[in-house]
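**Student:** Pasting a structure here, questions to come.
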Amino acid sequence: MNLRKHLIAGNWKMNGTLGSINEILKIDKLCSDYEVDIALCVPNTIISKANETISHNNLIIGAQNCHYKESGAYTGDVSAKMLKDAGAKIIIAGHSERRQIYKETNEIVNKKATSIINSDLQTIICIGETEEEKNMGLTKKIVCTQLENSMPSISDENNTVVAYEPIWAIGTGKIPSLKEIEVVHKVLRSLISEIKGIETANKMKILYGGSVKPNNAKDIFDIDDVDGALVGGASLKSEDFMDIINIC
Ligand code: PGA
């Protein structure tokens, strides 16, 4: 058991409307008894309402993406500053769906994370390998290159959380072996130590994400360098999400 306070962050992706605020309220009511940090990264359209409704004990509302500029002629985009204005406290940067579908590079993710931190918000920087890269034995190389280039120089343990999410594990029900998760998290922590120093590395949270469910959460959370989870599908139902929080 490590001493870093764990974080369970839900990523609702493009799911949820104002009618889903009830699910958030259920989580809010139940989560005040827990000694874990909890975040729900919901669609931008409900951030404000969700934020007004929760009690702010240990649940925060977050967003899933932002533009790296503060304002300007970027039709349809929103900035970190705007999301903060709506009530977001944390914003995901570089989720693999953004990297793959919207071709976001490490450089763009770095700029996004920088603008999130400069807006006095926390960021969750996501990294992870494809199945093909895994099969070629490239996992460590890929995730280290991603982290080195996506993590801004201003990142520290208070403003940045790292999430290791193997792309092939997202939404598939498949997860790496526990040993594989352990090895990758150890490698990431020692890279953070090289870049930021050992003190920051010991305090920075590294989450695991990709098919985390109530039935595998315990084994994953038992791994020493795992400091919580980024949860997609299982965060949409308050019962499943609360089960995972309970286990943590
Ligand atoms: P999943 O998604 O839990 O549904 O696999 C995780 C994520 O995309 O962050």
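The values are calculated or read from the model by the stated rules, or taken from the named source; none is laboratory data. Please read all numbers here as calculations on a predicted model, not as lab measurements. Reconstructed Cβ throughout: ideal geometry from the backbone, glycine too, with neighbour counts over all protein chains shown. We work out accessible area using only protein heavy atoms, side chains counted, and drop any ligands, DNA or RNA first. Shrake-Rupley method; radii C 1.70, N 1.55, O 1.52, S 1.80 Å.
**Student:** Identify the residues of segment 184-220 with backbone N under 19 Å of a label point that sits 7 angstrom from the Cα of Ile101 along the Cα-to-Cβ direction, or state none.
**Tutor:** Under cut-off, by backbone N: 209-212.
**Student:** Further question on the same structure: To the nearest 0.05, what FRET efficiency results for Asp33 and Asp77 with a Förster distance of 30 Å applied to their C-beta separation?
**Tutor:** On the way: r = 38 Å, r/R0 = 1.28.
My answer for the efficiency is 0.20.
**Student:** Filter the trypsin sites (Lys or Arg not before Pro) in segment 83-116 to those in DSSP coil with at most 16 other Cβ atoms within 10 Å of their Cβ, and list the result.
**Tutor:** On the way: sites: Lys84, Lys89, Arg98, Arg99, Lys103, Lys111, Lys112; in loops: Lys89, Lys103.
Taking segment 83-116 and a limit of 16 other Cβ atoms within 10 Å, the loop trypsin sites (Lys or Arg not before Pro) found are Lys103.
**Student:** Amide H neighbours of Ala229 under 5 Å, counting only residues 5+ apart in sequence or on other chains, H built in-plane at 1.01 Å?
**Tutor:** Hits under the 5 Å cutoff: Leu7, Ile8, Ala9, Tyr208.
**Student:** While we're on this one: Out of the chymotrypsin sites (Phe, Trp or Tyr not before Pro) in segment 1-97, which ones are loop residues according to DSSP with at most 14 other C-beta atoms within 10 Å?
**Tutor:** Numbers: sites: Trp12, Tyr34, Tyr68, Tyr74; in loops: Trp12, Tyr34, Tyr68, Tyr74.
Passing both the DSSP loop test and the Cβ count: Tyr74.
**Student:** What number, rounded to the nearest 500 deg cm²/dmol, is the helix-based mean residue ellipticity at 222 nm of the chain, given -39500 (n - 2.57) per DSSP H run of at least four residues and division by all its residues? Before the final figure, lay out each step's value.
**Tutor:** On the way: 11 runs with 104 residues, N = 248.
Mean residue ellipticity, 222 nm, calculated: -12000 deg cm²/dmol.
**Student:** Quick check: from the Cα gyration tensor, does segment 1-139 come out rounded (a/c under 1.5), prolate or oblate? Before the final figure, lay out each step's value.
**Tutor:** On the way: a/c = 1.77, a/b = 1.22, b/c = 1.44.
Oblate, since a/c reaches 1.5 and b/c is not below a/b.
**Student:** I want to check a number: in segment 66-171, how many lysine pairs have alpha carbons closer than 14 Å, given a sequence separation of 8 or more or different chains?
**Tutor:** Close lysine pairs under the 14 Å cut-off: 9.
**Student:** About its Cα centre, what dipole magnitude does the chain give when the only charges are +1 on Lys and Arg Cβ and -1 on Asp and Glu Cβ, stated in debye to the nearest 20? Could the numbers behind the result be given before it?
**Tutor:** On the way: 28 positive and 33 negative charges, 72 e Å.
So the dipole magnitude of the chain works out to roughly 340 debye.
**Student:** Could you pull out every residue, at least 5 positions away or on a different chain, whose amide H is within less than 5 Å of the one on Gly128? Hs are placed 1.01 Å off N in the peptide plane, and Pro or chain starts have none.
**Tutor:** Glu165
**Student:** For His67, enumerate residues with amide H under 5 Å from its amide H, sequence gap 5+ or separate chain, H modeled in the peptide plane.
**Tutor:** The list, which skips near neighbours in sequence, is Val78, Ser79, Ala80.
**Student:** Given R₀ = 22 Å, FRET efficiency for Arg4-Leu138 by Cβ-Cβ distance, to 0.05? Kindly include the intermediate steps, with their values, before the conclusion.
**Tutor:** On the way: r = 28 Å, r/R0 = 1.27.
Efficiency, from the Cβ-Cβ distance: 0.20.
**Student:** I'd like the distance separating the alpha-carbon centroids of segment 224-248 and segment 24-80, in whole Å.
**Tutor:** So the separation of the two Cα centres works out to 16 Å.
**Student:** Mind checking segment 12-80 for trypsin sites (Lys or Arg not before Pro) that DSSP puts in a loop (not H, G, I, E or B) and that have at most 16 other Cβ atoms within 10 Å?
**Tutor:** Working: sites: Lys13, Lys26, Lys29, Lys49, Lys69; in loops: Lys13, Lys69.
Listed in order of number, the matching sites are Lys69.
**Student:** Using a 1.4 Å probe over the heavy atoms of the protein chains, calculate the carbon and sulfur portion of the accessible area of the chain as a whole percent. Provide the component values of the computation, followed by the final result.
**Tutor:** Details: 5710 of 11410 Å².
The value for the chain is 50 percent carbon and sulfur by accessible area.
**Student:** If the reach is capped at under 19 angstrom between alpha carbons, list the lysines near Lys213, excluding any in the same chain fewer than eight residues apart.
**Tutor:** List returned: Lys13, Lys26, Lys174, Lys179, Lys237.
**Student:** Could you rank the peptides 132-142, 168-178, 202-212, 234-244 by their average count of other C-beta atoms within 10 Å per residue, with the highest value first? Write down the numbers at each step before the final one.
**Tutor:** Values: 132-142: 14.3, 168-178: 15.8, 202-212: 22.8, 234-244: 19.3.
The peptides rank, most packed first, as 202-212, 234-244, 168-178, 132-142.
**Student:** Rolling a 1.4 angstrom probe over the protein heavy atoms, how many square angstrom per residue are accessible across segment 186-248? Spell out each step's value before the answer.
**Tutor:** Values: 2490 Å² over 63 residues.
Counting only protein heavy atoms, the per-residue value for segment 186-248 is 39 Å².
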